[in-house]
Amino acid sequence: MTKREVGQIQPFVKALLGPLFKFAWELKVEGRENIPRRGGAILAPNHLSVLDSFFVPFSLRRRMTYVGKAEYLDDWKTSWLFPAMGMIPIDRTGGDSAQRALDSAARILEAGELFGIYPEGTRSRTGMLHKGHTGVARLALRTNVPIIPVGIVGALEVQPPDAKFPNLFREVVIRYGTPIDVSRYRDRANDRLVLRQITDELMYEIRNLSGQEYCDTYATKAHESLPAPSAPKVSVSTATPSSTEPAGVGAVGAELAGRLAHSEVSGGQTGQDSQRENSGKRPLSAVPQSKRAASTTSVSRADSDSSVEETRSSASVLKSQPLVDLLNF
């Protein structure tokens, strides 16, 4: 690609607005070492605030491009700023416009740049982490680049749904998790089960990084009338694998394996029936691959007469550090 389609002046915008963001909010970054110094990669954050599209780029030394809803171009306040920051508008109703946006994303990744996309498709107005769309997995398999899960904490308190102005002087933490390598699935890029498995693995990692509760429904307009809870507390999930763990289920999926049978039995329940029984919170439907040792840490300890294996996500080993000088790109 000889010329960038969007974001040509992103370094200038970051240099101009970076100090303002540093003054207005306490930005902390964890896991920055998981961002490759060169080469293409997909950044996949949770999405709670319109300011997420600024917090993530401002936390990076490298330039990044990302997908945003086409409606932002209808508002004079964002019609210039968002494309200048590197946003590719996408029509969420689908069709040729959506395909062109993904084609542009593929060209950016193939050129060795960073690309960001929200797997939930839109902001969560409930504060919960919603089911991910498979477009991220599809794009990663097409370009053979890793997916980096990103957990944003504190953005909901900065600007709750429908708030006209953001709250100042709040803390925002951005956590970059261990990259997910999809190269092992390249020969099954059109398999819908593979796309769903990669997506569910991604959402599992984002959940551990953000500390959000998981809701096994897509984030849509139907959730806009629901009240937004207070910002979730970050917690690291632990799990003890049982002796009946199915073959091929790794440490990352241990927490889900014990409840998988129940999910299969009640799989016929969808929509409102499922939400009434489970209050909108269910385990992820697919179990990640067994070879995800890079993103988890297994610790064995003696407990009198027995040993217990504890599984922790990559979020538990990330160290907090202040945001670096934003002028050093």
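Give the residues of the range 139-159 that are more than 30 Å from R186 (Cα to Cα) and outside any helix (DSSP H, G or I), sorted by residue number. Show your work before the answer.
Of all residues in the range 139-159, those more than 30 Å from R186 (Cα to Cα) come to 153-159.
V153, G154, Q159, listed by residue number.
Of the residues L20, L16, L60, which is at pLDDT 90 or above, surrounded by fewer than 22 Cβ atoms within 10 Å (Cβ to Cβ) and farther than 27 Å from D200 by Cβ?
L20
For the range 35-46, what are the residues that are within 22 Å of A155 (Cα to Cα) and surrounded by fewer than 20 Cβ atoms within 10 Å (Cβ to Cβ)?
I35
Given the conditions (1) over 21 Å from I206 (Cβ atoms); (2) assigned to a helix (DSSP H, G or I); (3) of a type in the set (D, E), report the number of the one that D162 does not fulfil.
So the condition that D162 fails would be (2).
If you scan the range 182-192, which residues turn out to be part of a loop (DSSP other than H, G, I, E, B) and surrounded by fewer than 17 Cβ atoms within 10 Å (Cβ to Cβ)?
Of everything in the range 182-192, those that are part of a loop (DSSP other than H, G, I, E, B) and surrounded by fewer than 17 Cβ atoms within 10 Å (Cβ to Cβ) turn out to be A189, N190, D191.
Name the single residue, out of those in the range 122-138 being small (G, A, S) and over 22 Å from Y185 (Cβ atoms), that is surrounded by the fewest Cβ atoms within 10 Å (Cβ to Cβ).
Of the range 122-138, the ones small (G, A, S) are 124, 127, 132, 135, 137.
With over 22 Å from Y185 (Cβ atoms) added as a condition, the list becomes 124, 127.
Working: S124: 23, G127: 20.
Checked the range 122-138; the qualifying residue surrounded by the fewest Cβ atoms within 10 Å (Cβ to Cβ) is G127.
The values are calculated or read from the model by the stated rules, or taken from the named source; none is laboratory data. This one's a predicted model, so the numbers in the text were calculated from it and none came from an experiment. Note that each Cβ is placed from the backbone with ideal geometry, even for glycine, and that neighbours are counted across all protein chains shown.
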